[in-house]
Amino acid sequence: MIEFINVDKVYPNKVKALHNINLKINQGEFVAIIGLSGAGKSTLIRCINVMHEISSGELIVDGVKVHALKGRDIRSFRKRIGMIFQSFNLVTRTTALHNVLVSFVPELSFWRKLTGIFSKEHKIKALTALEQVGILDKAYVRVDQFSGGQQQRVALARTLAQNPDIILADEPIASLDPVTARQVMDDFKRINRDFRIPIILNIHHVEIALEYAQRIVGVREGQIVFDGKAEEVTEEV
Ligand code: ADP
Ligand code: ADP
């Protein structure tokens with residue numbers, strides 16, 4: 001469903017972040033991209049939702065030639081992809097429920113967003129998403145009172161409420177302690193299993209990646225140096 005064919009990415013400053021990437025990811029896979037800082041992990045993930053444009057080659061997602069998309073088509077394509085960041089990117093001065101609601105009710109006016117008037121149907125959908133990540137009891141708590149792990153769960157709920165075809169996560173656990181990081185990884189694993197949504201995340205904790213992902217893609221200096229099952233990974237990667 002995601003296919004990179006001979007993909008290169010060169011940034012305007014001439015840094016070649018990806019070099020001849022060939023990678024195919026299928027429906028329902030749980031893939032961790034690992035590698036040292038600067039290897040190109042983030043670039044690889046961000047090309048999939050067109051936060052970065054590839055410089056050459058082809059990138060095909062669900063039959064869509066992503067490299068050929070323009071303007072409005074990029075925006076509608078992005079709606080199908082859930083994106084999770086290291087820094088959560090939440091609206092911190094409001095509740096968990098509100099954060100989820102505003103993410104998938106885009107037609108809401110500024111005023112309605114501010115006053116928090118939402119339809120019952122939307123509210124149920126948002127509460128269901130919060131339940132799916134185990135924080136339903138915190139729906140009405142302001143997210144700035146949450147721990148890092150709980151904030152990442154709100155971000156995950158927000159993504160789920162958008163019914164994404166794919167979930168991408170750019171260093172989702174980098175700012176979490178090991179215990180919380182594992183809780184968040186448990187959520188990813190459960191979502192991947194229950195909804196068969198492919199999840200692609202990059203992670204620099206190799207140990208945690210091997211513990212959770214079915215498939216490991218090792219990147220070094222913009223190239224794929226390993227692609228296989230977690231149990232096949234050796235010290236070399
Ligand atoms: P990783 O996620 O593995 O740490 P990145 O994909 O962030 O690696 O970066 C790969 C290389 O591309 C690095 O040399 C980095 O400095 C460079 N790079 C990343 N983003 C940009 C950018 N927006 N402009 C220029 N160079 C970038
Ligand atoms: P992360 O690894 O979480 O993406 P970075 O610190 O690598 O964080 O990058 C932060 C931002 O700076 C990103 O948007 C990235 O694309 C950009 N960036 C990274 N390296 C460079 C670089 N060498 N030149 C310009 N922008 C860069």
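The values are calculated or read from the model by the stated rules, or taken from the named source; none is laboratory data. Remember, it's a predicted structure, so these values are computed and weren't measured experimentally. Cβ: placed from backbone, ideal geometry, glycine included. Neighbour counts: every protein chain shown. Note: areas computed on protein heavy atoms with side chains; ligands, DNA, RNA excluded. Shrake-Rupley method; radii C 1.70, N 1.55, O 1.52, S 1.80 Å.
Computed from the C-beta positions of Gln27 and Val179 and an R0 of 25 Å, the FRET efficiency is 0.20 to the nearest 0.05. Taking the inverse of the mean reciprocal distance over all distinct Cα pairs, the Kirkwood hydrodynamic radius of the stretch 171-237 comes to 12.7 Å. Helical runs (DSSP H, four residues minimum) scored at -39500 (n - 2.57) apiece and divided by the length of the chain put the mean residue ellipticity at 222 nm at -10000 deg cm²/dmol. In this rough spin-label picture, where each label sits 7 Å from Cα along the Cβ direction, the His19-Arg220 distance is 1.2 nm.
Length gain on complete extension for the stretch Glu131 to Leu36, per 0.36 nm per residue less the alpha carbon to alpha carbon distance?
Between Glu131 and Leu36, full extension yields 30.7 nm more.
Rg/Rh for the chain stands at 0.98; both radii use Cα atoms, and Rh follows the Kirkwood definition. In this structure the stretch 1-83 gives 50 Å² per residue of accessible area when probed at 1.4 Å with all protein chains present.
Across all Cα pairs in the stretch 60-104, the calculated P(r) in 5 Å bins from zero up to the longest distance comes to 5, 16, 22, 17, 13, 15, 8, 3 percent per bin.
For Thr234, what accessible area in Å² do you get when you roll a 1.4 Å probe over the heavy atoms of the protein chains, rounding to the nearest 10? For Thr234, the solvent-accessible surface is approximately 80 Å².
Ligands, DNA and RNA aside, Tyr140 has an accessible area near 140 Å² when probed at 1.4 Å. Once both labels are modelled 7 Å past Cα along the beta-carbon direction, what's the Glu231-Lys123 spacing in nm? In this crude label model, Glu231 to Lys123 measures out at 4.9 nm.
Here the stretch 133-198 is treated as a sphere whose radius is the Kirkwood value from Cα pairs; by Stokes-Einstein at 25 °C and 0.890 mPa s it diffuses with a coefficient of 199 µm²/s. Extension gain, Tyr11 to Glu58, is 15.2 nm, computed as 0.36 nm per intervening residue step minus the present C-alpha separation.
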